[in-house]
Amino acid sequence: MRRDNEKYKTQRNWLIVLVLFLSVGLIGWIMYSGQQLNQVTHRTREQIAYANAQVKKEQKNESQIKQQADLRVATAENNNSNPETDSNKQLNQLSNDVFKTFYTFTPRTYVNRGNKLKGKLSELLLKKMFPSNIKKYAGTITAKLTDLQVFPHIVQGSTDKTAVVLVKYQSKYNTQDEMKSHQHLFRIHFDSKKNQIDEITDLGDLQQGSQGF
């Protein structure tokens with residue numbers, strides 16, 4: 001009986017030790033888990049703060065880009081590139097007269113177009129666009145200007161201007177044909193002192209497969 005009591009006590013003591021050991025381990029694990037959770041929470045807060053800072057930085061950059069764009073617009077207007085300025089009105093009107101004359105004709109009026117552009121084109125450009133042998137190119141073509149857009153740009157350090165001109169027109173080779181639409185780009189140079197266009201550069205047709213006239 002005595003041995004049984006001692007055996008029971010021994011087992012109980014070991015059980016107590018085991019419970020204490022497990023309790024200490026559980027407490028340690030809880031403390032470690034708490035530390036890990038705190039670290040994760042801290043890193044998450046840092047990431048959120050960094051993300052917010054990046055958003056603010058991007059918003060600031062977008063604001064700066066918009067301010068720069070507004071400044072470029074204001075500078076362009078101050079540099080007389082506004083389409084409503086007097087010199088640009090002259091350029092627009094002159095471009096319209098020149099290209100309307102150039103792209104509106106019948107076989108009968110084809111040859112005489114150059115006479116209408118005297119004074120509007122420089123003499124050198126007029127001879128280049130309307131050579132003395134122009135009669136042989138008359139053919140049977142009919143054309144009509146349908147729209148014109150002028151995008152002026154001031155020449156730095158000069159009162160002259162350049163502009164890109166988008167020409168939209170229709171043409172047909174014979175009277176029985178249907179009119180076909182075309183779009184063509186040109187770059188022009190405008191001499192503001194003489195109020196003349198003295199250079200026209202062909203930038204090509206915008207419609208693939210279209211060869212113009």
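Would you mention how many residues in segment 77-105 are at pLDDT below 90 and more than 32 Å from the chain's Cα centre (by Cα)?
Residues in segment 77-105 being at pLDDT below 90 and more than 32 Å from the chain's Cα centre (by Cα): 0 in total.
Regarding segment 117-133, can at least one residue be identified that is at pLDDT 85 or above, part of a strand (DSSP E or B) and farther than 23 Å from Gly204 by Cα?
Yes, that holds for at least one residue.
Please list, ordered by first then second residue, the pairs with beta carbon atoms under 9 Å, 6 or more apart or interchain, first in segment 109-130 and more than 12 Å from Val98 (Cβ to Cβ), second assigned to a helix (DSSP H, G or I) and not aromatic (Phe, Trp, Tyr).
As it stands, the answer is Tyr110/Ile134; Tyr110/Lys135; Val111/Ile134; Val111/Lys135; Lys127/Gly114, since those pairs meet every condition given.
Based on what the data block shows, is Lys127 surrounded by fewer than 16 Cβ atoms within 10 Å (Cβ to Cβ) and closer than 15 Å to Gln196 by Cα?
Spelling it out, Lys127 is indeed surrounded by fewer than 16 Cβ atoms within 10 Å (Cβ to Cβ) and closer than 15 Å to Gln196 by Cα.
Quick one: count up the residues across segment 162-209 that are part of a strand (DSSP E or B) and among the hydroxyl-bearing types (Ser, Thr, Tyr).
The qualifying residues number 5.
Give just the number: which of (1) farther than 20 Å from Leu206 by Cα; (2) not in a helix (DSSP H, G or I); (3) not charged (D, E, K, R) does Phe151 not satisfy?
(1)
The values are calculated or read from the model by the stated rules, or taken from the named source; none is laboratory data. The structure presented is a predicted model; accordingly, all values stated were derived computationally and were not measured. As a convention, Cβ positions derive from the backbone with ideal geometry for all residues, glycine included, and neighbour counts pool all protein chains shown.
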